[in-house]
Amino acid sequence: QVQLVESGGGLVQAGGSLRLSCAASGGTFGNYAMAWFRQAPGKVREFVGAISRIGTTVYLDSVKGRFTISRDIAKNTLSLQMINLEPTDTAVYYCAARGAQFISRNRNDYIYWGQGTQVTVSS
């Protein structure tokens, strides 16, 4: 059983930056493809980006060039560096894990989820 705990959310002005972290425990971190999703009020949870076991990354088009996903296998930590934040980035951000090599954009393919961390971007 993998446990995921996000941190690093907060309130930031448009154009600002935040770095989210996801600490993993209870499993072999390197065996999982990891992803970030987000959910704004009244909206479905959407894919933000993901990183495969070997470090391949994919991103939602609207965050490309602004968000960067990385993972530290030794520290069992997934990170999401966000720059040039926009009010439309406001949401609860979740990290997720799937026991497979390849990335998926489908939230139903991820079996482990964190509790989420709130990101609020003011205009």
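Couple of notes before you dig in:
- For Leu4, solvent-accessible area (1.4 Å; no DNA, RNA or ligand), Å²: 10 Å²
- Size of electric dipole in the chain: Cβ of Lys, Arg +1 and of Asp, Glu -1, about Cα centre, debye, nearest 20: 160 debye
- Extension gain for the segment Asn108 to Gln3, taken as residue separation times 0.36 nm less the Cα-Cα distance, is 36.1 nm to one decimal.
- Val44 - accessible surface, heavy atoms, 1.4 Å probe, Å² rounded to 10: 100 Å²
- Note: relative contact order over the chain, using C-alpha pairs below 8 Å and six or more positions apart, is 37 percent.
- Full-extension gain in nm, Ser122 to Ser62, via 0.36 nm per residue minus C-alpha separation: 19.8 nm
- Heavy-atom accessible area with a 1.4 Å probe sorts Val48, Val12, largest first, into Val12, Val48.
The values are calculated or read from the model by the stated rules, or taken from the named source; none is laboratory data. Just so it is clear, the model here is predicted, and its values are computed rather than measured. Backbone-built Cβ (ideal geometry, glycine too); neighbour counts: all protein chains shown. Only protein heavy atoms, including side chains, enter the accessible area calculation; ligands, DNA and RNA are left aside. Shrake-Rupley method; radii C 1.70, N 1.55, O 1.52, S 1.80 Å.
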